[in-house]
Structures are given as C-alpha cells and as structure tokens.
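**Student:** My questions all concern the structure below.
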Amino acid sequence: MSLTQEQLLRRLEPPTGLVDAVLDTDTFNEIDDQFALSYLIRSPERVNLQAVYAAPFWNEKSEGPADGMEKSYEEILRVLALLGEEGRSVYKGSAAYLPDESTPVDSPAARDLVRRAMARPADGAPLYVVAIGAVTNVASALLLEPAIADRIVVVWLGGNAHHWPDTKEFNLSQDVAAARVVFGCGVPLIQLPCMGVVSAFTVTGPELTHWLSGKNALCDYLVDVTTKEAERGSSLPTWSRVIWDVTAASWLTGDFVRTALVHSPIPEYDNHYAFDARRHFIRCAYHIERDALAWDLFRKLAGE
C-alpha cells in the first residue's frame, strides 16, 4: 500500500456528498441485509450503488458456503425486483472461504471489485465497499490485486466491540483469515462491531406495522419476513429484531455513526483480538444514532 498516513486518515473521514459504492452481502442469511440493500438504493442523493456482490455463508439456512452464496444471489435479485431495479449489476461471489491468508478465492465478484477499483485514479475519490457478511470476497480482491487498497474504503460490519470478551460473531468467525487480510493490509477500514455497538439498532413489530405495512410491495415483504424471523426466535410478544447491517450502509447516507480512530486490531483464530499500538489506524464505531437512522430508513423505504 502506498497511501501516506495523512491520506489514510483523510479516507477514514465520514464521506460527504454523493459517493460511488458497491455492496457485498450474504442476503439470504438474515433479514437485515435486505433492509441495507434497499436503503442504499433508496438513497440516490448520497450513494451511487454500482454493483452488488453475493457473499458466502453457512448456517441452518444453507448447506455450505457455496449454497449460501447462491441463495444470497437469488435473494438479491428478489429484492431488486421488489424495488423495480432488475437491471442492476449483480455478481456471484466466493464459493468457499479463504484457505489461508495468502490465497484468494477467485470469483466474478472479486474480479469485478478489482476492475472497478483499478479503473479509478489512486489519488481520486475512493470506491466505498460496504461489506455486511463474511469478508471473503473483499479479501480475495485485495489478494488478487493489492493495489486496490489505495483506491477503496472498506466499511465492514463484523467482529464485536473491542471491549467485548470474545469475537464470536458470525461474519468474522466464518472466515478469520479474510478478516486478518482486511485488518492487516492497511486498506482504509471502517469497522462497525456487532455486539456492544450496532446491536443497539433494533426495530419492533409495532414500528414496522406503523411505518412500513401497506406502503409498497417491498415494505410488505420486509415486514412479513422480519416478523416471521423475530417470532420464530422469541417467545415474548414484546420482541425487537436487530437489523444491524443497515448501520454499515448508514456510513454513506448521513451522520448516524459515531467513531474513533484506533490502531487496527488483530483478529486471532482463538476468537479474540490482539492489539498492537504500532499498527495503522482504522475507524471503529462506538455508537449509533438509532432514532435518527430508523426515521431515515423508514421514510426512504416507504417512498416518502
């Protein structure tokens, strides 16, 4: 990487005005990815979303990383159809996680990210890479062409707060090698930790019904799927559902995220961070302006 510290710190500042971005998402994994994708597309005054990449995931909703990626690809297309945005560029991502910290997993998504990044001047406006799943595709692109680190800013929702007792978080724990590549290569990075930070961004059933039900086909789909997932995971009628992926998108859409400069932590394979004050700076979120972000999200999804 050839960015000076001054250039790196400038890239870590919150963006203003219209920016170019791509979204890397394991869309079928939960419901929050669908909210984030829709929110970015419904924020054209701030975000020029150039492409969407399907990320791998593996849990009870998939038979393995490749199946999770394929299901996410199909879900991206489904959400885009509900938005009336069928013509957007969508690429399949990695069918496996990184085997080690030096071997990329080639994919159309990783290749497209390299192509888009390298088409930009190194001293020009960066391409923002909003990543809300295992960061495999992004790490693979950085390994395929390290020079893109000078041309992109990665906004990743992953890991837990640095004070949290462990890093047992879905996005990070799926592919620790990929996280170590992204945290270690010096690429400008905004981290939105899950537990202890963006876990505060929740919605409730009455809110969804009041603000989104009946507004349009997209909103009805989001309300229906979110309600079913929340009720399946809660035995109480007073449920709330975290939709934390929206917070990564919100780094581009307005003044909703409070962050601090910190030395890049080291995700270890034992589900903990290591820290070294000699490492480069990243920005790490410590607070979300929940009510302001929720209002911006609801009004845009409803088409107001």
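**Student:** Would you kindly calculate the translational diffusion coefficient of the range 150-235, applying Stokes-Einstein with the Kirkwood radius from alpha carbon pairs, for 10 °C and a viscosity of 1.306 mPa s, and quote it in µm² s⁻¹ without decimals?
**Tutor:** Answer, rounded: 103 µm²/s.
**Student:** Count the DSSP beta bridges whose two residues both fall in the chain, then state the antiparallel fraction as a percent rounded to the nearest 5. Please report the intermediate quantities before stating the final value.
**Tutor:** On the way: 12 of 37 bridges.
Here the antiparallel bridges make up roughly 30 percent for the chain.
**Student:** Could you compute how fast the chain diffuses translationally, taking Rh as the Kirkwood radius over C-alpha pairs and applying Stokes-Einstein at 37 °C with viscosity 0.692 mPa s? Give it in µm² per second.
**Tutor:** 172
**Student:** While we're looking at this one, here's another question. GNM on the chain, C-alpha springs below 10 Å: top fluctuator among 119, 134, 109?
**Tutor:** Taking springs between Cα atoms under 10 Å, the residue moving most is 119.
**Student:** Continuing with this model, one more query. Kirkwood hydrodynamic radius (Cα pairs, Å) of the range 216-284?
**Tutor:** 15.8
**Student:** I would also like to ask the following. How big is the Kirkwood radius of the range 80-192, worked out from every pair of different alpha carbons and given in Å to one decimal?
**Tutor:** Across the range 80-192, the inverse of the average 1/r is 14.6 Å.
**Student:** Find the lysine pairs in the chain meeting two conditions, Cα atoms under 17 Å apart and a separation of 8 or more places or different chains, and report how many there are.
**Tutor:** 4
**Student:** Of 230, 122, 274, which has the largest mean-square fluctuation in a 10 Å C-alpha GNM of the chain?
**Tutor:** Ranking 230, 122, 274 by mean-square fluctuation puts 274 first.
**Student:** Rank 15, 267, 237 by mean-square fluctuation in a GNM of the chain with C-alpha springs under 10 angstrom and give only the top-ranked residue.
**Tutor:** Sorting by GNM fluctuation, first place goes to 237.
**Student:** Considering all alpha-carbon pairs of the range 1-101, what whole percent are spaced by more than 17 angstrom?
**Tutor:** The calculated P(r) of the range 1-101 puts 58 percent of pairs beyond 17 Å.
**Student:** Separate question: What do you get for Rg/Rh over the range 159-304 if you use C-alpha atoms and the Kirkwood form of Rh?
**Tutor:** 1.02
**Student:** If you average the C-alpha positions of the range 177-215 and of the range 55-105 separately, how far apart do those two centres end up, in angstrom?
**Tutor:** So the two Cα centres are separated by 18 Å.
Every number here is computed from the coordinates shown, using simple stated rules; none is lab data. Because the structure is a prediction, the values reported are computed rather than measured.
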